[in-house]
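Report on the following structure.
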Amino acid sequence: MNLLEISNLKLSIRTDEGVAKILDFVDMEVPSGKIVGIVGESGCGKSTILKSVLGILPRNAIVERGSILFDQTAILELDEKTLANTIRGSRIGFIPQDPYLALNPVFKVGKQLMEIMRWHRGRSNGSGQPKGSDSSDREHLIELLGKMQIPDPEAALERYPHQFSGGQRQRLLIAGALSCKPSLIVADEPTTALDVTTQREILDLLEQVVQDFGVSLLIVTHDLGVVTRICDEVVVMYAGQTVESGPTAVVLNEPLHPYTTALINCHPDRAVGLQGIAGTVPTLIDPPSGCRFRTRCSLARDACSTRPPELKQIKPRHRVNCLLTDSGATQPVSET
Ligand SMILES: Nc1ncnc2c1ncn2[C@@H]1O[C@H](COP(=O)(O)OP(=O)(O)OP(=O)(O)O)[C@@H](O)[C@H]1O
Ligand SMILES: [Mg+2]
């Protein structure tokens, strides 16, 4: 069963230069209890997807089409108050990119994390009167910090953020995201600010969290190594469009979209020498018609400029948005 379903999402942002078509034909799903990664070059709309899910889009954003269904709730139709009170930070937890910036340096860690729990306790029953008690929050938090392998959790609550390392701070924030018992956690490049060894530890921890707490995780990353390590499924974004999605092993070993192939060929583990993708992501104010990757694609044909973008199912859960797969021309496609 899918916990999150984004269908045919089209989103624009008004800028001084014109209306930027930031997302178009975005389709993706997060099954219950699974880890889904979103990959793509900088500016492809990865963070904007997470912002749409959390309901924190900028004021100048216009949702032109599509839906986001979270646990049967149509997120885009909720008003800000309902989102803040019943979804964001409670049923959907968030892990930020930079653990050094996410905690307030002047307050003790326990005060900051418990404040969030208290706030949501008050909102969850609509009365504004918190249910439960501060002491039960504290106990819950101490238990969570222990599970996040923070040494001496009780003492940790009385410490300030600067008294923790970057990796430990990310553990505190993961505990914070779990504190209101969400069913989905979204994370925007949660390991980018950390050194390689710590990155690995945090990824292992996230995998453990998904198993132990039964949550789903939607994680944005530009690193295919992260996808290989922890993601069950991957969604490849290019210039605001979903170009390919499916089980990680299938997409990374048998990519069907030329952009996915190009991205894989850039990865240091696979690249022969230093490789890149010729050209740059196009301006989203006036993006190419049809497939937005066609201007950088060596396999592009005239029809790529007119084919309406559409994800086609190729194998179970493996979908691709490319004219070449319509006729089976990129690579052999075997039905299972
Ligand atoms: N508030 C905004 N106003 C105008 N344009 C915006 C705004 N937020 C995002 N954009 C544009 O939307 C596009 C997608 O941005 P987004 O941050 O989602 O990309 P991303 O894939 O997360 O990139 P990165 O890997 O660099 O974080 C970019 O072209 C960006 O400039
Ligand atoms: Mg981003």
* Could you please let me know if residue 226 is within 14 Å of ligand 1 (Cβ to nearest atom) and in a helix (DSSP H, G or I)? => yes
* Asked: Can you tell me which residues in region 188-222 are surrounded by fewer than 17 Cβ atoms within 10 Å (Cβ to Cβ) and either in the same structural domain as residue 267 (by TED's automatic domain parsing) or closer than 26 Å to residue 259 by Cα (or both)?
  -> 192, 222
* Asked: Can you find even one residue in region 145-167 that is part of a helix (DSSP H, G or I), of a type in the set (Ser, Thr, Tyr) and over 25 Å from residue 47 (Cα atoms)?
  -> no
* Within region 205-223, which residues are touching a residue at least 24 places away in the same chain (Cβ under 8 Å), away from ligand 1 (no atom under 15 Å from the Cβ) and in contact with a helix residue (DSSP H, G or I) (Cβ under 9 Å, 6 or more places away or on another chain)? -> 205, 206, 207, 209, 210, 212, 213, 215, 216, 217
* Asked: What number of residues within region 14-46 satisfy the criterion of being in a strand (DSSP E or B) and over 15 Å from the mean Cα position of the chain (by Cα)?
  -> 9
* Structure fact -> Those residues of region 182-202 which are of a type in the set (D, E, K, R) and in contact (Cβ under 8 Å) with a residue 60 or more places away in the chain amount to 188, 189
* Asked: Which residue out of 53, 109 is in the same structural domain as residue 137 (by TED's automatic domain parsing) and surrounded by 18 or more Cβ atoms within 10 Å (Cβ to Cβ)?
  -> 109
* Lone qualifier among 49, 62 - being over 15 Å from residue 183 (Cα atoms), assigned to a helix (DSSP H, G or I) and either in contact (Cβ under 8 Å) with a residue 40 or more places away in the chain or within 15 Å of ligand 1 (Cβ to nearest atom) (or both) -> 49
* **Residue count, region 4-30 (criterion: more than 16 Å from ligand 2 (Cβ to nearest atom), buried (at least 22 other Cβ atoms within 10 Å of the Cβ) and over 12 Å from residue 284 (Cβ atoms))** => 4
* Looking at region 69-85, which of its residues are out of contact with any strand residue (DSSP E or B) (no Cβ under 8 Å at 6 or more places or on another chain) and either buried (at least 17 other Cβ atoms within 10 Å of the Cβ) or among the small types (Gly, Ala, Ser) (or both)? -> 78, 83, 84, 85
* Asked: residue 217: within 20 Å of the chain's Cα centre (by Cα), part of a helix (DSSP H, G or I) and not polar (S, T, N, Q), yes or no?
  -> no
* Leading residue by the ranking (nearest to residue 185 (Cα to Cα)) among those in region 90-109 that are of a type outside the set (A, V, I, L, M, F, W, C) and touching a helix residue (DSSP H, G or I) at 6+ places or on another chain (Cβ under 7 Å) -> 93
* **Residue check for residue 283: at pLDDT 85 or above and part of a helix (DSSP H, G or I)** => no
* **Condition met for residue 39 (touching a residue at least 60 places away in the same chain (Cβ under 8 Å) and either surrounded by fewer than 19 Cβ atoms within 10 Å (Cβ to Cβ) or near ligand 1 (Cβ under 8 Å from one of its atoms) (or both))** => no
* Subset tally (residues that are in contact with a Lys or Arg (Cβ under 9 Å, 6 or more places away or on another chain), assigned to a strand (DSSP E or B) and within 16 Å of ligand 2 (Cβ to nearest atom)) for region 65-108 -> 1
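The values are calculated or read from the model by the stated rules, or taken from the named source; none is laboratory data. Predicted, not measured: the structure shown is a model, and the values here were computed from it. Cβ coordinates were reconstructed from backbone atoms using ideal geometry, including for glycine residues, and neighbour counts include every protein chain displayed.
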